[in-house]
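Undergrad: Shown below is the structure under consideration.
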Amino acid sequence: MAILKIARMGHPVLIKPALPVEDPSAPEIRRLVADMAETMEDAQGLGLAAPQVHVGLRLFVWRGGAGNILALINPELEAVGEETEDAWEGCLSIPGLRGCVPRARRIRFRGFDIDGQAVEGEAAGLAARVMQHEADHLDGVLYPMRMPDLALLGFTEELSRAAVQARDAATKEASR
C-alpha cells in the first residue's frame, strides 16, 4: 500500500467528470482502493474520491460504521424525499477551509464493491453527506460550487475562533 498525493483545488483532474470503472474486481482497482484508504486515514479524512488522487475513475472510499473503510465503485446516488440539511464540510483537496453546504438528508445508493458484487442501500446523516460529497468529486464538483451563500465559507481556524467568541458572548449574556 502507498500514500497517494492529493490533488488540490485548481488542479484540472478535480473538475473533469470521472470515467466508469470497467472491471470493479480488477487487481489494480483493489490496489487503488487500498492505497486510497491508507491515504484517507493518513490525512484524517472521512472520504476520498479517485479524482482526488489524480485518478479519473468513478469510485470513492469512506469511513463507515465501526470505523470500517468502505468502497463504492461506479456509484449511483439519489435523494430519498425532499428533506435537506445544511452542515459544515471540509475537503482534503481544499485544505484549511470549511463551508456550509446543503445536502439531501437521506440517500439511496447502488454500485459495486471491490469484489465486483452489486451493492445497494440507504444512508442518512453524516454517511449520506460524505457519500454525496465524494460522488460530487466524480462529477467534477467541489463543495463550494454547492454553496448558496459564500459568506459561509472560511478558514477553519477563523471559523473556530468566531465560534469560541460567540459561545463566550452567549455565556456572558446568560450570566447577567
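Undergrad: Please work out which one of (1) open to solvent by 40 Å² or more (accessible area, probe 1.4 Å); (2) in contact with a Lys or Arg (Cβ under 6 Å, 6 or more places away or on another chain) is the condition Ile3 fails and give its number.
TA: In the conditions (1) open to solvent by 40 Å² or more (accessible area, probe 1.4 Å); (2) in contact with a Lys or Arg (Cβ under 6 Å, 6 or more places away or on another chain), Ile3 misses (2) alone.
Undergrad: Which of (1) closer than 30 Å to Gly81 by Cα; (2) open to solvent by 50 Å² or more (accessible area, probe 1.4 Å) does Met147 not meet, given it meets every other one?
TA: Checking Met147 against (1) closer than 30 Å to Gly81 by Cα; (2) open to solvent by 50 Å² or more (accessible area, probe 1.4 Å), the one that fails is (2).
Undergrad: Counting only residues that are open to solvent by 30 Å² or more (accessible area, probe 1.4 Å) and not in a helix (DSSP H, G or I), which one in segment 117-140 is farthest from Ala26 (Cα to Cα)?
TA: Ala124
Undergrad: Need the failing condition index for Met36 against (1) outside any loop (DSSP other than H, G, I, E, B); (2) at positive phi, just the number.
TA: (2)
Undergrad: Being outside any strand (DSSP E or B), open to solvent by 100 Å² or more (accessible area, probe 1.4 Å) and closer than 25 Å to Pro12 by Cα is the filter here; which residues of segment 150-176 pass it?
TA: Listed by number, the list holds a single entry, Leu150.
Undergrad: Could you check how many residues of segment 53-77 are at pLDDT 95 or above, of a type outside the set (Val, Ile, Thr) and more than 22 Å from Arg110 (Cβ to Cβ)?
TA: Matching residues across segment 53-77 total 1.
Undergrad: Return the pairs, sorted by first residue and then second, in which the second residue is basic (Lys, Arg) and outside any strand (DSSP E or B), the first residue lies in segment 98-111 and is closer than 15 Å to Phe60 by Cβ and open to solvent by 20 Å² or more (accessible area, probe 1.4 Å), the beta carbons are less than 6 Å apart, and the residues are 6+ apart or on different chains.
TA: Every condition considered, no pair remains.
Undergrad: Also, I was wondering about something else. Looking at segment 75-86 only, could you name the residues that are part of a strand (DSSP E or B) and open to solvent by 30 Å² or more (accessible area, probe 1.4 Å)?
TA: Within segment 75-86, Glu76, Leu77, Glu78, Ala79, Thr84, Glu85, Asp86 meet the criteria.
Undergrad: While we're on this one: Give me the pairs: first residue in segment 146-161 and among the hydrophobic types (A, V, I, L, M, F, W, C) and modelled with pLDDT of 95 or more, second residue loosely packed, with under 12 Cβ neighbours inside 10 Å and not in a strand (DSSP E or B), beta-carbon distance under 7 Å, and six or more apart or on different chains, which are they?
TA: Between residues of segment 146-161 that are among the hydrophobic types (A, V, I, L, M, F, W, C) and modelled with pLDDT of 95 or more and residues that are loosely packed, with under 12 Cβ neighbours inside 10 Å and not in a strand (DSSP E or B), the close pairs are Phe155/Gly96.
Undergrad: Looking at segment 56-74, which of the residues that are open to solvent by less than 70 Å² (accessible area, probe 1.4 Å) and in a loop (DSSP other than H, G, I, E, B) is farthest from Pro12 (Cα to Cα)?
TA: Per the criteria, the residue is Gly64.
The values are calculated or read from the model by the stated rules, or taken from the named source; none is laboratory data. As the structure is a prediction and not an experimental result, all values here were calculated from the model. Please note: Cβ atoms are built from the backbone with ideal geometry, for glycine as well, and neighbour counts cover all protein chains shown. Ligands, DNA and RNA are stripped out before the accessible areas are found, and what is left, the full protein with its side chains, is counted by its heavy atoms. Shrake-Rupley method; radii C 1.70, N 1.55, O 1.52, S 1.80 Å.
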